[in-house]
Amino acid sequence: MKYRRLGNSGVKVSEIGLGSWLTYGSSVEDQTAGNIIHHAYENGINFFDTANAYNRGEAEKVVGKALSSYNRDSYVLASKVYFPMGDGPNDRGLSRKHIMEQCDASLQRLGTDYMDLYQCHRYDPDTPLEETLMALDDLVRQGKILYYGFSEWSGAQISDAAHIADKRNLHRPVSNQPIYNMLVRYIEKEVLPISEREGLGQVVFSPLAQGILTGKYRPGEQPPADSRAANSDINFAMDRFMDDRILENVVKLENLARNELGVKLSQLALAWILRKPGVSSTIVGASRPEQLEENLKAAELELPHNLLDEIDSTLQEIEGVTSRLH
């Protein structure tokens, strides 16, 4: 496993991180999830990402329980705040009240005294940005979090936050967690260059486009019965990808992976993301240890320039479709 700095901070995270969205605490049994986390740790993954909103805190409990087997200083633990955790008017957003209360609640569920990275799960237009940043700065000074970052913030929002942090002498953000994969590339226009300018590293999620970039879905065919697309409980984010024009080009990408490198499409897709210097880590999900084993090999891949050109040419063929995916 290789490690990269998280933005301009001094902490280093594994190029492949393990997430828990849609799986831990819900669709994957706790024992299986724990086994996957152990397998990830034993294979060099040190970056584990979750959120309070993932199954209303259940994912945090699963992650915290599994990681309690290891020395706390040997891994980087990340969670998030923003989405509703109750029915009250203050049970959501990025107000000082919600951030402070949810930080304590997450720490309790995770079974730890601090989080390495605390992320604003979305931007909150109803709360002054200064209030949010000052609350996060206080959590850093209290030792409850070591660093903070954002998730799915625009380039302008990231720039504003960095400017306010500098103006008020607050701790600066170190990361942003956007969706990024071969099919959803919106961050390349603004978010990546602004983040690099302001010192934020990307810890990207959905690198395999909800499984589309594994090659298991074929144009004109029904999804396999045991796949995520066939599971109505967890396939709500997949409809936008299930377009034959996209799937036809995914088949082309799969052929490139097999014929040019002798690897699986999923491994090519992860290596393609990691080619970007602004990416600190790519977060994968896994419901079986063998899936994780396959993904780990992506960190070893080097993509030659001629192959990158062929990939770009293939992606351009579906640019009109994929440009509307975010």
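Summary of values
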| quantity | calculated |
| --- | --- |
| Of all accessible heavy-atom area on the stretch 1-140, the percent that carbon and sulfur account for (1.4 Å) | 43 |
| Residues of type lysines that Lys264 reaches as a straight line, Cα spacing below 16 Å, ignoring anything fewer than 8 places off in the same chain | Lys216, Lys252, Lys297 |
| The chain: calculated mean residue ellipticity at 222 nm from DSSP helix runs of at least 4, using -39500 (n - 2.57) | -11000 deg cm²/dmol |
| Per residue, in Å², the accessible surface of the chain once ligands and nucleic acids are set aside, probe 1.4 Å | 43 |
| Qualifying lysines (Cα of each under 17 Å from Cα of Lys97; at least 8 residues distant if same chain) | Lys80, Lys144 |
| Cleavage-rule hits, trypsin sites (Lys or Arg not before Pro), the stretch 45-100, DSSP coil, Cβ neighbours within 10 Å at most 16 | Arg56 |
| Among beta bridges that DSSP assigns inside the chain, antiparallel share in %, nearest 5 | 10 |
| Per-selection Kirkwood Rh - the stretch 266-326 (Cα, Å, 1 d.p.) | 13.2 |
| Dipole of the chain, positive end: most advanced residue of Phe205, Met115, Ala298 [Cβ charges, Cα centre] | Met115 |
| Relative contact order (%) - criterion: Cα under 8 Å, at least six apart; region: the stretch 175-223 | 45 |
| Estimated dipole of the chain in Debye, rounded to 20 [Cβ of Lys and Arg +1, of Asp and Glu -1, Cα centre] | 480 |
| Value of relative contact order over the stretch 24-127, rounded to a whole percent, pairs C-alpha under 8 Å and six or more apart | 28 |
| Neighbourhood charge, 12 Å Cβ-Cβ cut-off, centred on Pro173 and excluding it, Lys, Arg +1 and Asp, Glu -1 | -3 |
| Trypsin sites (Lys or Arg not before Pro) within the stretch 235-326: DSSP coil, no more than 14 neighbouring Cβ in 10 Å | Arg275, Arg324 |
| Average Cα contact separation per residue, the chain, under 8 Å, 6 or more apart, as relative contact order % | 19 |
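The values are calculated or read from the model by the stated rules, or taken from the named source; none is laboratory data. It should be emphasised that the depicted structure is a prediction, and the values quoted were computed from it without experimental measurement. With ideal geometry, Cβ positions are generated from the backbone for all residues, glycine too; neighbour counts draw on all protein chains shown. All accessible areas refer to the heavy atoms of the entire protein, side chains included, with ligands and DNA or RNA removed. Shrake-Rupley method; radii C 1.70, N 1.55, O 1.52, S 1.80 Å.
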